[in-house]
1. Just want the ordering: 314, 194, 127, from fewest to most Cβ atoms lying within 10 Å of their own Cβ.
2. In degrees between 0 and 90, to the nearest 10, how far off the longest principal axis of the chain does helix 262-271 point, with axes built from Cα atoms?
3. Counting other beta carbons within 10 Å of each Cβ, put 338, 156 in order, fewest first.
4. Can you give me the relative contact order of segment 93-201 as a percent, contacts being Cα pairs under 8 Å and 6 or more apart?
5. Given the options 262, 183, 116, which has the most mean-square fluctuation in a GNM of the chain, springs set between C-alpha atoms less than 10 angstrom apart?
6. Taking 8 Å as the Cα distance limit and 6 or more residues as the minimum spacing, I'd like the relative contact order of the chain as a percentage.
7. Taking 30 Å as R0, compute the FRET efficiency from the Cβ-Cβ separation of residue 299 and residue 336 and round it to 0.05.
8. Normalising by the residue count of segment 152-302, find the relative contact order in percent from Cα pairs under 8 Å and 6+ residues apart.
């Protein structure tokens with residue numbers, strides 16, 4: 001009897017310890033430590049966080065055996081759908097997420113997660129490019145800056161090392177649909193990016209801000225929040241809203257299948273839907289929250305930043321998740337580009 005009780009106590013203690021952990025898999029430079037500390041102080045749950053640099057890296061890591069090692073990931077909109085289709089996401093009931101009602105209406109019913117059963121908003125923003133205005137003072141409102149750059153910028157451009165966003169921006173430049181199966185359009189897409197490659201100095205997502213602030217790049221694809229941070233650090237850049245449009249995205253806290261600490265994950269997701277917490281994240285990341293009641297907690301320079309407030313009439317597109325038989329053709333274009 002005593003041995004049985006001792007064994008039971010050990011099991012209960014191990015279970016309780018597990019419930020006090022959270023394993024987060026997030027993008028780099030995308031979470032202020034003060035928020036993690038506040039969550040731990042409020043709940044007693046200790047957070048460990050690893051990072052990745054693209055949606056594609058996240059997918060590859062989970063497929064390579066990381067599924068079951070983390071509780072939450074932060075995929076972009078199209079990647080939420082891909083992960084769900086791959087059976088990599090868990091679901092939760094509305095009653096398990098008391099702050100679900102804090103989500104802004106336009107982000108509550110979304111095609112990549114109908115009814116918000118596996119994910120909640122994290123941040124949303126845009127992907128375009130920024131140009132050093134001390135190097136080039138001409139018209140930058142055209143995707144030709146990336147794919148057919150002026151002499152002042154040629155060879156001085158950094159592009160994001162993310163196939164989804166780069167190939168989508170290239171498709172926008174050509175005026176062709178995403179996920180096309182048209183062979184001529186795919187040939188044109190391949191020709192465009194391989195032809196532009198000599199004008200690109202680097203492929204880099206994690207350095208997208210730093211190369212602009214250091215002057216190592218005179219232009220580059222970049223996320224809106226990163227551009228705002230670079231400008232705030234003194235880079236003489238302007239973020240473009242080209243005539244062809246910008247990519248709009250929403251990153252999401254997604255509950256992973258086989259999460260080792262499911263209750264902790266739900267507690268953190270709910271915590272991040274509190275307006276003040278969402279605002280703390282927004283003030284750090286400099287995107288937008290998708291949560292009601294955030295505005296009163298925002299720093300004025302974040303709320304009013306030009307990167308987060310596109311001109312009226314700006315065209316926007318989301319990256320689409322292509323059917324598998326079409327995705328293989330885009331993967332081939334990307335592999336050819338990176339070789």
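Any read-out appearing in this document is the output of simple, stated calculations on the displayed coordinates, not a laboratory observation. Since the model is a prediction, treat every value here as computed from it, not as a measurement. Positions of Cβ are generated from backbone atoms using ideal geometry, with glycine treated the same way; all protein chains shown enter the neighbour counts.
1. On the way: 314 16, 194 13, 127 25.
Fewest-to-most ranking of 314, 194, 127: 194, 314, 127.
2. On a 0 to 90 degree scale, this one is about 60.
3. Exposure proxy ranking, most exposed first: 338, 156.
4. After rounding, I find 24 percent.
5. 183
6. Taking the mean separation of contacting Cα pairs over the length of the chain, I get 27 percent.
7. Given R0 = 30 Å and the Cβ-Cβ separation, E is 0.10.
8. Working: 151 pairs, mean separation 33.7, N = 151.
Once normalised by length, the contact order is 22 percent.
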